[in-house]
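Visitor: Pasting a structure below so you can have a look.
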Amino acid sequence: GECPTLTGLIALGFNKGLLGFASESATAPPPVLKVLPVIRHLGAYAGPERIRFRFDALVTEPDLRLTYLPAWKRLVAGRAVAGAMSAISALNGEPGIAHKTLLTDTLKTAWGFDGFVLSDCDTFPALLTTWKWAASAAQGAAAALLSGGDINCGPGYATLANATRLRYVSKAA
């Protein structure tokens, strides 16, 4: 939507209904959740479908904070989202799957998000080929994990054992 406030309010009510909250104003989640809504694609994801793995959304910091992030922030604050999916594309030159500022610093730390962060499917190869963000699959997996990713849609985290052995990431991460 064009209005981040309205979009956030609509999404909040919709997601709380999906989760099974008694009402939009309810703050405690129900004992049994009906569905686990996931916000996707976190950030300023846009661009033509045919270039989605190489699209770089160039967005100023004020525009990001005022236009792109408010709806997602409202969902997190309202406890109306279980997961967040990183963008397929990049934001200001940083691939969505490895965007620590967005996934960890903003989502998890500043907003207090305690759900899971997952990558979109098939985004790991772009870390190596398109963005040159990592020199190997193990480095790419470590970069995604250390940037705040918890779950990978696809085989990207299959190399985490190798990444640990090579000390790109610790077992504690």
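Visitor: Of the residues LYS108, LYS73, LYS100, which single one is at pLDDT 95 or above, over 30 Å from LYS171 (Cβ atoms) and of a type in the set (D, E, K, R)?
Guide: LYS73
Yes or no, residue by residue, for (1) buried (at least 19 other Cβ atoms within 10 Å of the Cβ); (2) within 22 Å of ARG52 (Cβ to Cβ); (3) at pLDDT below 95:
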| residue | (1), (2), (3) |
| --- | --- |
| GLY112 | no, no, no |
| ASP122 | no, yes, yes |
| LEU127 | yes, yes, yes |
| ALA142 | yes, no, no |
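Visitor: Residue check: is ALA163 on the phi < 0 side of the Ramachandran plot, crowded, with 20+ Cβ neighbours inside 10 Å, within 10 Å of the chain's Cα centre (by Cα) and of a type in the set (A, V, I, L, M, F, W, C)? If you could, list the steps in order and put the result at the bottom.
Guide: Numbers: on the phi < 0 side of the Ramachandran plot: yes; crowded, with 20+ Cβ neighbours inside 10 Å: yes; within 10 Å of the chain's Cα centre (by Cα): no; of a type in the set (A, V, I, L, M, F, W, C): yes.
It is false that ALA163 is on the phi < 0 side of the Ramachandran plot, crowded, with 20+ Cβ neighbours inside 10 Å, within 10 Å of the chain's Cα centre (by Cα) and of a type in the set (A, V, I, L, M, F, W, C).
Visitor: Follow-up. Counting just the residues of region 77-94 that are touching a Gly at 6+ places or on another chain (Cβ under 7 Å) and not in a loop (DSSP other than H, G, I, E, B), which one comes out surrounded by the fewest Cβ atoms within 10 Å (Cβ to Cβ)?
Guide: Among those residues, the one meeting the criterion is GLY83.
Visitor: Right, next: Which of the residues belonging to region 16-55 are buried (at least 16 other Cβ atoms within 10 Å of the Cβ), in contact with a strand residue (DSSP E or B) (Cβ under 8 Å, 6 or more places away or on another chain) and free of Cβ contacts under 8 Å to residues at least 60 places away in the same chain?
Guide: PRO37, ILE39, GLY43, ALA44, TYR45, GLY47, PHE55
Visitor: Return the total of residues in region 56-69 being open to solvent by less than 100 Å² (accessible area, probe 1.4 Å) and either part of a loop (DSSP other than H, G, I, E, B) or on the phi > 0 side of the Ramachandran plot (or both).
Guide: Result for region 56-69: 3.
Visitor: With the requirement that a residue be loosely packed, with under 14 Cβ neighbours inside 10 Å and touching a residue at least 40 places away in the same chain (Cβ under 8 Å), what does region 2-15 give you?
Guide: The answer is THR5, and nothing else.
The values are calculated or read from the model by the stated rules, or taken from the named source; none is laboratory data. Note that the structure is a prediction, hence the values are computed from the model and not measured. Every residue, glycine as well, gets a Cβ built from its backbone with ideal geometry; the counts of neighbours run over all protein chains shown. When the accessible area is computed, the model is the full protein with side chains, heavy atoms only, and any ligands, DNA or RNA have been set aside. Shrake-Rupley method; radii C 1.70, N 1.55, O 1.52, S 1.80 Å.
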